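**Q** Questions regarding the structure given below will be posed in turn.
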């Protein structure tokens, strides 16, 4: 155990707002819940398990599943419950000679960054019989489990978060200098390249790590919001959110003349958040050594409701990033500005394109 | 997944003081650290692994170990590191044909009650290569893992904490009514019986749960402070701590005449903490269906330094119990009283008996 380093230094991370107060992720994650339910994950997993025939379980009587980027619930519980129920059903149908009355047990791992609020996660954790839960701290672009110990992996709306802000975005001397935006609008080729490169690297690290952790034949389900073919991010609902957040920051710069928030700081700020063009995402999935793409369901759907709840939702998701760059004192004001901005922009939203919600099913290749 | 209940309702729990501030367990657990080092756990485990010959590992390339009642570190990290190093050494000696360059990996689980401060635990967690950590919330008298998934289990100075205050202690109509003390002094037979019964039940539940979770041949190491033969708890250093805490509470009752703290409340208070007579402990270890007692090292040793650091240590360990019964506002005052009380009682301590520190090694029986 020579080179011991603290897990908290491994990569940048922006946890969802902790606790269960009014601005918390726990209270503001309904949109995700609806998206989860809407896509009928359970049926899709059941369907693919049929193809798979549970042969990958071997003689094990424990099924191990992990959620990567779980945050503090409740969506992660619903997602895990869907997987557990799908597996349980198949197990009973396919191998239900429950010798000696024994049945399949589940080890369910909940992963997120070390500064995620695991205390809140654990406090709200449901514990059905035969279901054993554990929390796993750490960035998911790294290995987090021993080899071949997971039977299934899951990640829902977490892979958009890059492990760091892409190179060059805040560097005045870089061709990717992103002075006039805080995200990947899609209008600057160099900025788009920098975001795409970081996303590709993170996705590959994620898939390679999971590829080693999953048993041969194990299924992986991923949800990622993508930018549809023929559009760039700023032409979609999700891109518009970020463009309006920039407008709010600039208004605040003007208001607070000596202020905590300066134009220089705004120019240096970039969201480590990326909604990949669907083709980019597909290419990454097709070229991995460990996993085989079984399915990629994609539907045009605006998962963020454009109504007065939007500022709270966005805040729960992104407050930490703003806090780390500008300081905690700007957060209330930023989302108050955003609420006003939203009120006069409903028609702007209506004219935008819906993002593509993907539900991707991958299978760990056998015997590699 | 029919009967879902929140893990937080399963049993009473009294976490060590959270965070890493001056009164925290994290900053006040040196005495344990020294005790851990003193008993040279690593050597003992290595020795017993020799007997065992790692045959229980089977073909697995992952060694799974859990610490039960881990609190927030750093002792749990040291204990787990000792086990990992001992296993690694034996593995290299005994089965070191590392086929394809692969080596043993470790899944290390840290368990404590759901209201333990897992955020602090995770923040300070070391992550050496090949070592994968997870936190497992829940009371350890229940099952916490699937069947036969652990290769080793550990628990250090945690089994003294009972899952609840024994029956009858606060009931004026019970023969075990413990009006004049806050712990098991050993002078009342009925009170001692009530404590002994609860400890036996908790220990049996613990051993039976671990018995199911460990693979056949897996080792379990437990540290428990016991009361030596021929003495009762109040004749030892550990019992004296509790007797002096009662004196402090009664002084506070007199000071705060209308007070937050009343005599009735003190009479109704009992510590769910028990240092079993060594014979009681041995009997429980000898009569379990799942595990076989390999060794029980016991040494007379006062693990709590009787010096000005004692009030902080005691506070880190017991503050939560006092808080839950009397309210947070009494805690500062209680331990200030204790510091004064200690200053005039060094000779009382010197006249007391040292507790027996036991280091118990158990083996999960094969093929049951």
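The values are calculated or read from the model by the stated rules, or taken from the named source; none is laboratory data. Quick caveat, the model's predicted, so the values are computed rather than measured. Neighbour counts are summed over all protein chains in view; Cβ atoms, including those assigned to glycine, are modelled from backbone coordinates with ideal geometry.
**Q** So residue B:9 fits all but one of (1) modelled with pLDDT of 75 or more; (2) within 14 Å of another protein chain (Cβ to nearest Cβ); (3) more than 20 Å from residue B:103 (Cβ to Cβ); what number is the exception?
**A** Single failed check for residue B:9: (1).
**Q** Sticking with this one: Starting from residues that are away from chain A (no Cβ under 12 Å) and in a loop (DSSP other than H, G, I, E, B), keep the ones in segment B:134-161 and report whichever is nearest to residue B:206 (Cα to Cα).
**A** B:141
**Q** What is the one condition in (1) closer than 30 Å to residue A:368 by Cβ; (2) touching a residue at least 40 places away in the same chain (Cβ under 8 Å) that residue A:197 does not satisfy?
**A** That leaves (2) as the condition not met.
**Q** Check segment B:164-172 and report whether any residue there is in a strand (DSSP E or B) and under 15 Å from the mean Cα position of the chain (by Cα).
**A** No, because not a single residue in segment B:164-172 is in a strand (DSSP E or B) and under 15 Å from the mean Cα position of the chain (by Cα).
For every residue, the table says whether it meets (1) modelled with pLDDT under 95; (2) touching a helix residue (DSSP H, G or I) at 6+ places or on another chain (Cβ under 7 Å).
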{"site": "A:111", "(1), (2)": "no, no"}
{"site": "A:118", "(1), (2)": "no, yes"}
{"site": "A:131", "(1), (2)": "yes, yes"}
{"site": "A:134", "(1), (2)": "no, no"}
{"site": "A:138", "(1), (2)": "no, yes"}
{"site": "A:143", "(1), (2)": "no, yes"}
{"site": "A:147", "(1), (2)": "yes, yes"}
{"site": "A:155", "(1), (2)": "no, no"}
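**Q** Quick one: which of A:361, A:330 is farther than 30 Å from residue A:294 by Cβ and not in a loop (DSSP other than H, G, I, E, B)?
**A** When all the criteria are applied, what remains is A:330.
**Q** Does residue B:71 meet the test of being modelled with pLDDT under 95 and within 20 Å of residue A:142 (Cα to Cα)?
**A** For residue B:71, the condition - modelled with pLDDT under 95 and within 20 Å of residue A:142 (Cα to Cα) - is not met.
**Q** Assess whether residue A:180 counts as being away from chain B (no Cβ under 14 Å) and either touching a residue at least 24 places away in the same chain (Cβ under 8 Å) or surrounded by fewer than 21 Cβ atoms within 10 Å (Cβ to Cβ) (or both).
**A** Here the answer is yes, as residue A:180 does meet what is asked.
**Q** Related question: Exactly one of (1) under 27 Å from residue A:177 (Cβ atoms); (2) surrounded by fewer than 17 Cβ atoms within 10 Å (Cβ to Cβ) is unmet by residue A:280. Its number?
**A** (2)
**Q** Residues being in contact with a strand residue (DSSP E or B) (Cβ under 6 Å, 6 or more places away or on another chain) and either outside any helix (DSSP H, G or I) or surrounded by fewer than 24 Cβ atoms within 10 Å (Cβ to Cβ) (or both): count how many of those fall in segment B:218-240.
**A** Counting residues in segment B:218-240 that are in contact with a strand residue (DSSP E or B) (Cβ under 6 Å, 6 or more places away or on another chain) and either outside any helix (DSSP H, G or I) or surrounded by fewer than 24 Cβ atoms within 10 Å (Cβ to Cβ) (or both) gives 14.
**Q** Which of (1) surrounded by 17 or more Cβ atoms within 10 Å (Cβ to Cβ); (2) more than 7 Å from chain A (Cβ to nearest Cβ) is the odd one out, the single condition residue B:109 does not satisfy?
**A** Only one criterion in (1) surrounded by 17 or more Cβ atoms within 10 Å (Cβ to Cβ); (2) more than 7 Å from chain A (Cβ to nearest Cβ) is unmet by residue B:109, namely (2).
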